[in-house]
Amino acid sequence: MAKQAPQSDPAQDAPEVSAPQHAAAGLPAVGHSLRMAAEQMGPRRTLATLLKVNQPNGFDCPGCAWPEPDKTHTAEFCENGAKAVAEEATERRIRAEFFAAHSVSELAERSGYWLGQQGRLTQPMLLDEGATHYSPISWDDAFALIAEELRALDTPDGAAFYTSGRTSNEAAFAYQLFARRLGTNNLPDCSNMCHESSGSALTETLGVGKGSVSLKDLYQADLIIVAGQNPGTNHPRMLSALERAKRAGATIVSVNPLPEAGLERFKNPQHARGLVGHGTKLTDLFLQIRLGGDLALFRALNQLILDADGGVDRAFVEEHCHGFEEFAAEARTTGREEVLAATGLPWEQIEELARLVLGSRKVIVCWAMGLTQHKHAVPTIREVVNFLLLRGNVGRPGAGVCPVRGHSNVQGDRTMGIFERPSKAFLDALAGEFGFEPPRAHGLDSVDTIRGMRDGRVKVFFAMGGNFVAATPDTEVTEAAMRRCRLTVHVSTKLNRSHVITGARALILPTLGRTDRDVTARGAQFVSVEDSMGQVHSSRGGLRPPAPGLLSEVAIVCRLARAVLGPQDSVPWEDFATDYDTLRDRIARVVPGFADFNEKVRRPGGFTLPHGPRDSRTFPTATGKANFTVNPLTAPEVPAGRLLLQTLRSHDQYNTTIYGLDDRYRGITGGRRIVLVNPADAAELGLAEGAYVDLVGEWKDGVERRAPHFKVVHYPVARGGAAAYYPETNVLVPLDSTADISNTPTSKAVVVRFEPDSGER
Ligand SMILES: Nc1nc2c(c(=O)[nH]1)N[C@H]1C(S)=C(S)[C@@H](COP(=O)(O)OP(=O)(O)OC[C@H]3O[C@@H](n4cnc5c(=O)[nH]c(N)nc54)[C@H](O)[C@@H]3O)O[C@H]1N2
Ligand SMILES: Nc1nc2c(c(=O)[nH]1)N[C@H]1C(S)=C(S)[C@@H](COP(=O)(O)OP(=O)(O)OC[C@H]3O[C@@H](n4cnc5c(=O)[nH]c(N)nc54)[C@H](O)[C@@H]3O)O[C@H]1N2
Ligand SMILES: [Mo]
C-alpha cells in the first residue's frame, strides 16, 4: 500500500500554543491579509485586485458562498477572502523546468503546503506510462489522449467526472452535458462531502434542497441560531450580517463544542469602530454541545414547544404541513436523560433557549459542517426543519433555513446538473433541448467513485478543480484507488497532492481562475455563479492570465467534448467555447429559473432564483406539503478511554490549500499537527499539555488507522470530544463510515484512542 506522505511536514511543523482569542477580525486581520496578499502579488496588484472583489463589475470572491450585500462597501473583502484571492492571483509560476527538476515521487514527499506555494500552473503536462517526470504536451494532444482512453472503456461508466465547487455555472453546465453525452451520470462533487446531508433533508421536507433566507431576512430576524459553523474563519462576511442583525435587535445563539472567537465578538474591519474598539458582542447564549448532540437538542426543543401553551403555529401546520401527528407523538417521547447525555448541556440552558424561541416570531437556523458530517446528519437537519415548521418559521420574512455553503459556486454547480442522481425533469429537459437520450441510471458520488476505482470499475478519473485525494476520507485507501486508474486528469489552477498520486498516465490541465481575464476569439467573456442564498450574478476577472494560451474551464470542457464526440456532434461545442452567451441561451431553456439568463445576468447584482417555500409557501415535495419527519434520537457512542474526534479547518487554510501554519483565533502558531482536548478528559487519559501522541482511529472494520505525531493542546472543547485539522486527519476517517442517506463521510465523528508518539512520520 502507498506510503502515507506528510500533509504537513512534521519537520517544519512546530506548533506553539497561547490563549485562544475572544473576538474576530479588527486591525490584526487587515494587516495579516494585506501582508499575505502582498507577499504573493506585490503591492500594486494587491490593491488593484482586492478592490475588485465582489464588486458589481468585478469577480466573485473565490473564498466562500456567502452573498454580497446590495450596496457593496468599497472593501467588501474579508481577511480570508483576501487570502483566497492572493493564493490565486500570486505572481509565482510553475513552468516546465519545475517538472523537469522534480520527479513525481519527489513531489509526493512534499507537503500540500509546499506544493501550493510553488505558484500558478502555466501549461498542460503529461505523466506518461512508466515516466518519472511530467513533461509538456500540447492542448490538442492532451485532448486526443483523453479521447483515446475514454473510447477504450467497455462502458462510459468506467469514467468519473469530479467537480469542486469553484467551477462557474457555464463550465458546470457544459461539463455535465459532456458526461451525459458520453453516457454516464458519474458526476461526483465536493458537495457529497459537504452539504449533501442538507440537500437530502431539505429536498425531502421542504421540496427544495437550498436555503430559504436572504440577507434581508437575517437583518429582520428576532432569533438566529448558528449551529455547527465557524463563520469567523470560514464565512467572515457573515459576521457583518450578524452584527447588523444584532444592532437591529436580534438575539444570537451559538451551538458548538468549541467557543469560536468569531461568534463571541466581532470587530468589523469595514468600520473605524471595528478596527480599534471592542467590537460587537455577537453571541447572547452559547450552548457548548457535545459532538453529534444536535439531534437530541432539537428534539428537546420541539418537545418543549409542543408542551408550551400556544407554542405551535396551528394555522400554518394545518394549511401547509404533512405528518404532524406522527412527528408530535414521537417528539413527546423524548427522554430527558437521553438528551442530557447526548448534548452534555445543563437542562436549564435548553429551557432558556426554548424560552427565547417561544418569545420570538422570526427564527433562522444557520448551519454548516458541524451538522452535516455525522452519521445521523440527515435526521438532525430534518429535526431542525421540524423545529422551524412547528412555529411557522418557513416562508415568512425574517425566518427560515440557512445552510451556509462552502465553495463559492457549489450551489450553482448542483443547479447546473452536477449531480449523480439527477431528477427525471432535468434529464427530460436536457434530452429535449439537445436531442439525445441521457443515461437514466444513477451515477457514482465521491465515496462510491473511490470504491469504483479501488475495485477496478472506474478507470478514468477526471477532476474539474479540487484536490480529490487530499479532500476525501481514508487517505491510504483513496490513494491506492487512484493509482489503479488508467488515466487521471486534473483541471487546476495550483499544484496539489492529487497531481502526484496518479493513474498509469496523468494529465495536469492548467486553467484560468476567477481573477483572470478571459478573452476568446469572439471577445471578452464573463461567467456566473450562484451564492448560498440563490442569487445568481456575473463574475469577470481583470488580471493578465498567468501564461499565454491558458484556457478557461469552459474552453477546456468544450474542446475536450469536441475531440471525444467528434466535430459532427449535435452540440455546438465550438460556439460554446468561444461565446458563453450561446451556452447561457441553452441553460435558459433547460434549467428552471434561468429564463432570459443573458439579459438578467447583466443586471447589476444579477437575479434571484425562485424558491417555492420562501416565495409562496408552496412545497414541491412528494406530498405537496412541508413534511414533518420522525427522527429517532441517536447520538455517537464512544467507548471508555476514547474520544470523538472532529476534523476541522484552521484559520490559515482553504480546505486542502494551506495558506500558513497559524490558527490565530485558537492561539495556535507555527504548526498544524495539534489536537485540542478538554483538560478534564486529558487528565483522565493522562495526556499532558504539550505531549506528542499518535491518533489511532477505531472503527468496526478493525483496520488500524494512524495519524502520527500530534501535539496535545488543553482547550475548552466540550467533554468527550477532540478536534484536529483536516486534511492531515483524513487518514483516520473510514471510507465506509458515512452519513445515512447522504453518504457524506463522518468527518466530525471519528472514535480515536491516543498512543505515545510512535516516531513514525
Ligand atoms: N477560510 C476558509 N473559508 C472556508 C473554507 C476554508 O477551508 N477556509 N472552507 C469552505 C467550505 S468548502 C466549507 S464547507 C465551509 C465550512 O465551514 P465550517 O462548517 O464552519 O467549517 P469547519 O472548520 O469544518 O467547522 C465546523 C464547525 O462546527 C463545529 N462542530 C463540529 N461538530 C459539531 C457538532 O456535532 N455539533 C455542533 N453544533 N457543532 C459542531 C466545530 O467546532 C466548528 O466550529 O467553509 C468554506 N469557507
Ligand atoms: N476530514 C475532512 N475532510 C473533508 C472536510 C472536513 O471538514 N473534514 N470537508 C469536506 C468539504 S466541506 C469539502 S467542500 C471538500 C473540498 O474538496 P475539494 O473542493 O476537492 O478541495 P479544495 O481543497 O477546495 O481544492 C483545492 C484545489 O482546487 C484547485 N482550484 C482552485 N481554484 C480553482 C479554479 O478556479 N478552477 C480549477 N479548475 N481549479 C481550482 C487548486 O488546484 C487547488 O489545489 O473536502 C471535504 N473533506
Ligand atoms: Mo465544503
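The values are calculated or read from the model by the stated rules, or taken from the named source; none is laboratory data. All figures in this text were calculated on a predicted structure; none of them were measured in a lab. Because the Cβ atoms are built from the backbone with ideal geometry, glycine has one as well, and the counts that use them run over all protein chains shown. Remember, those area values only see protein heavy atoms, side chains included, never the ligands or the DNA or RNA. Shrake-Rupley method; radii C 1.70, N 1.55, O 1.52, S 1.80 Å.
Values computed for the structure shown
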{"quantity": "Unmet requirement for ASP128, which otherwise passes all of (1) open to solvent by 50 Å² or more (accessible area, probe 1.4 Å); (2) acidic (Asp, Glu); (3) under 25 Å from GLY417 (Cβ atoms)", "calculated": "(3)"}
{"quantity": "Answer residue from the stretch 565-574, given it is open to solvent by less than 20 Å² (accessible area, probe 1.4 Å) and more than 31 Å from the chain's Cα centre (by Cα) and is nearest to GLY549 (Cα to Cα) among those", "calculated": "GLY566"}
{"quantity": "LEU304 being within 16 Å of ligand 3 (Cβ to nearest atom) and either in contact with a helix residue (DSSP H, G or I) (Cβ under 7 Å, 6 or more places away or on another chain) or not assigned by TED's automatic domain parsing to the domain that holds ILE252 (or both)", "calculated": "no"}
{"quantity": "Boolean, PRO473 is of a type outside the set (Ser, Thr, Tyr) and surrounded by fewer than 24 Cβ atoms within 10 Å (Cβ to Cβ)", "calculated": "no"}
{"quantity": "Yes/no for THR488 being assigned by TED's automatic domain parsing to the domain that holds PHE178, within 16 Å of ligand 3 (Cβ to nearest atom) and within 23 Å of the chain's Cα centre (by Cα)", "calculated": "no"}
{"quantity": "Test: VAL85 is within 21 Å of the chain's Cα centre (by Cα), at pLDDT below 85, among the aliphatic types (A, V, I, L, M) and open to solvent by less than 20 Å² (accessible area, probe 1.4 Å)", "calculated": "no"}
{"quantity": "Enumeration of residues in the stretch 514-530 that are at pLDDT 95 or above, part of a loop (DSSP other than H, G, I, E, B) and within 16 Å of ligand 2 (Cβ to nearest atom)", "calculated": "ARG517, ASP518, GLN525, PHE526"}
{"quantity": "Selection from the stretch 699-728 of residues that are within 16 Å of ligand 3 (Cβ to nearest atom) and not in a loop (DSSP other than H, G, I, E, B)", "calculated": "TYR725"}
{"quantity": "Conditions (1) open to solvent by 10 Å² or more (accessible area, probe 1.4 Å); (2) within 16 Å of ligand 2 (Cβ to nearest atom); (3) in a helix (DSSP H, G or I): number failed by PRO379", "calculated": "(2)"}
{"quantity": "Helices (runs of 4 or more DSSP H) contained entirely in the stretch 311-357, each with at least 2 residues that are over 25 Å from ASN627 (Cα atoms)", "calculated": "336-343"}
{"quantity": "The stretch 653-681: number of residues that are assigned to a loop (DSSP other than H, G, I, E, B), in contact (Cβ under 8 Å) with a residue 60 or more places away in the chain and more than 17 Å from LEU695 (Cα to Cα)", "calculated": "7"}
{"quantity": "Every residue from the stretch 177-214 that is farther than 29 Å from GLY323 by Cα, open to solvent by 20 Å² or more (accessible area, probe 1.4 Å) and more than 16 Å from ligand 3 (Cβ to nearest atom)", "calculated": "ARG181, LEU182, GLY183"}
{"quantity": "Members of the stretch 383-410 that are open to solvent by 10 Å² or more (accessible area, probe 1.4 Å) and either small (Gly, Ala, Ser) or in a helix (DSSP H, G or I) (or both)", "calculated": "GLY395, GLY406"}
{"quantity": "Elements of type helices (runs of 4 or more DSSP H) contained in the stretch 229-298, each with 2 or more residues being farther than 28 Å from ALA201 by Cα", "calculated": "236-247, 261-264, 272-276"}
{"quantity": "Out of PHE419, PHE436, sole residue that is within 16 Å of ligand 3 (Cβ to nearest atom), open to solvent by 20 Å² or more (accessible area, probe 1.4 Å), not assigned by TED's automatic domain parsing to the domain that holds ALA368 and not small (Gly, Ala, Ser)", "calculated": "PHE419"}
{"quantity": "Condition met for LEU487 (under 17 Å from ALA159 (Cβ atoms) and in contact with a Lys or Arg (Cβ under 6 Å, 6 or more places away or on another chain))", "calculated": "yes"}
{"quantity": "Test: residue in the stretch 560-579 that is touching a Pro at 6+ places or on another chain (Cβ under 9 Å) and under 22 Å from TRP139 (Cβ atoms)", "calculated": "yes"}
{"quantity": "Of all residues making up the stretch 109-125, the number that are among the charged types (D, E, K, R) and open to solvent by less than 10 Å² (accessible area, probe 1.4 Å)", "calculated": "1"}
{"quantity": "Among the candidates ARG672, ARG666, ARG642, ARG649, residue that is within 16 Å of ligand 2 (Cβ to nearest atom) and surrounded by fewer than 24 Cβ atoms within 10 Å (Cβ to Cβ)", "calculated": "ARG649"}
{"quantity": "Unmet criterion (only one of (1) without any contact (Cβ under 8 Å) to a residue 60 or more places away in the chain; (2) crowded, with 22+ Cβ neighbours inside 10 Å; (3) more than 30 Å from VAL677 (Cα to Cα)) for GLY249", "calculated": "(2)"}
{"quantity": "Hits in the stretch 358-376 - residues which are surrounded by fewer than 24 Cβ atoms within 10 Å (Cβ to Cβ), assigned to a loop (DSSP other than H, G, I, E, B) and either of a type in the set (Ser, Thr, Tyr) or more than 16 Å from ligand 2 (Cβ to nearest atom) (or both)", "calculated": "GLY359, SER360, ARG361, LYS362"}
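Conditions (1) of a type in the set (D, E, K, R); (2) farther than 23 Å from ARG120 by Cβ; (3) surrounded by fewer than 20 Cβ atoms within 10 Å (Cβ to Cβ), marked per residue:
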| site | (1), (2), (3) |
| --- | --- |
| GLY26 | no, yes, no |
| ARG44 | yes, no, yes |
| ASN54 | no, no, no |
| ASP60 | yes, no, no |
| GLU68 | yes, yes, no |
